[in-house]
Amino acid sequence: MTRMQFHEQLQETELQLLSLGELAAVQVQRAVEALVNDDERLAREVIERDDDVDALYLKIDQDVLGMLALQSPVAGELRLISAILHSNLHLERVGDQAVNVAKMFLASRSLPGSGLLRQQVEEMGEIVVRMLQTALEAFAKRDLRLCQKLNEMDDPVDRLNRATHLEALKLADDPKALDWGLHMNLVARALERVGDNAVDIGEQVAFLVTGDFSEFTDASHDEAPEA
């Protein structure tokens, strides 16, 4: 493989990563839509289409490993390969979380629920899908400003995640409603993880752009470090 062929394949692999990101975002969007609209057919489609997510994830992973076996990437090339590999894994996990949302909906759809809690889940879904789209745009444009927006976008997701716990507790007088509420807590947790994965992709883009890696959030400090 010549260096020109290597760069062409690396560019193609990045495009495949962005396609995987779009697919994962659609999966999350459709899983939440199925829950909100009580659409069993759509939920089952989300579960079935996870095979497409996994197939593209594996192709990207294998293509990158093949390039590493044939070439010795340097500097920016190595950072791009690292960012692709890490982001690829995060997007596969996003696909898994979409499946978790769909499965939690199917497991609880016969139970009585709460309109407010369902609304909170819907709002979380809208935000984390926008976060994924922002992370993908940041990757495509090498835009550090967009990366830094992700942590701010994640704040309302965390607040809504906590709010779902409080709302579920209000259903304690009805065991079946409480069971539904606990399922929605798991849905909220899955969506919160989607937001975290979007932030993680932003961190990879920041590393790609600057050459320095730092977490946007750090549990050992009160404040997030500047990227």
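The values are calculated or read from the model by the stated rules, or taken from the named source; none is laboratory data. Here the structure is a predicted model, which is why all the values come from computation and not from measurement. These accessible areas exclude ligands, DNA and RNA; they are computed on the full protein's heavy atoms, side chains included. Shrake-Rupley method; radii C 1.70, N 1.55, O 1.52, S 1.80 Å.
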> Ser110 accessible area, nearest 10 Å², 1.4 Å probe?
Replying inline: 110 Å²
>> Could you identify which residue out of Leu91, Leu117, Leu20 has the top mean-square fluctuation in a GNM of the chain using Cα springs shorter than 10 Å?
In response: Leu117
>> Report the rotationally averaged projected area of the stretch 79-227 based on its alpha-carbon convex hull, in square nanometres.
In response: 9.0 nm²
> Ordering Thr13, Thr210 by how much accessible area each has at a 1.4 Å probe, largest first, what is the list?
Replying inline: Thr210, Thr13
>> At 1.4 Å probe radius, can you tell me the per residue accessible area of the chain in Å²?
In response: 49 Å²
> Among Asp96, Asp174, Asp154, which one shows the biggest mean-square fluctuation in a GNM of the chain, springs joining Cα atoms closer than 10 Å?
Replying inline: Asp174
> In whole percent, how big is the carbon plus sulfur part of the accessible area of the chain, probe 1.4 Å, protein atoms only?
Replying inline: 49 percent
>> Can you return the lysines within cross-link range of Lys176? Criterion is Cα-Cα under 30 Å, with same-chain partners fewer than 8 residues away left out.
In response: Lys103
> What angle, in degrees between 0 and 90 and rounded to the nearest 10, separates the Cα long axis of helix 40-70 from the longest principal axis of the Cα atoms of the chain?
Replying inline: 20 degrees
> Considering the chain as a Gaussian network with a 10 Å cut-off on Cα pairs, which listed residue, Ala75, Ala31, Ala190, attains the greatest mean-square fluctuation?
Replying inline: Ala75
> Which aspartates and glutamates have a Cα less than 13 Å from the Cα of Lys141, not counting those fewer than 8 places away in the same chain?
Replying inline: Glu14
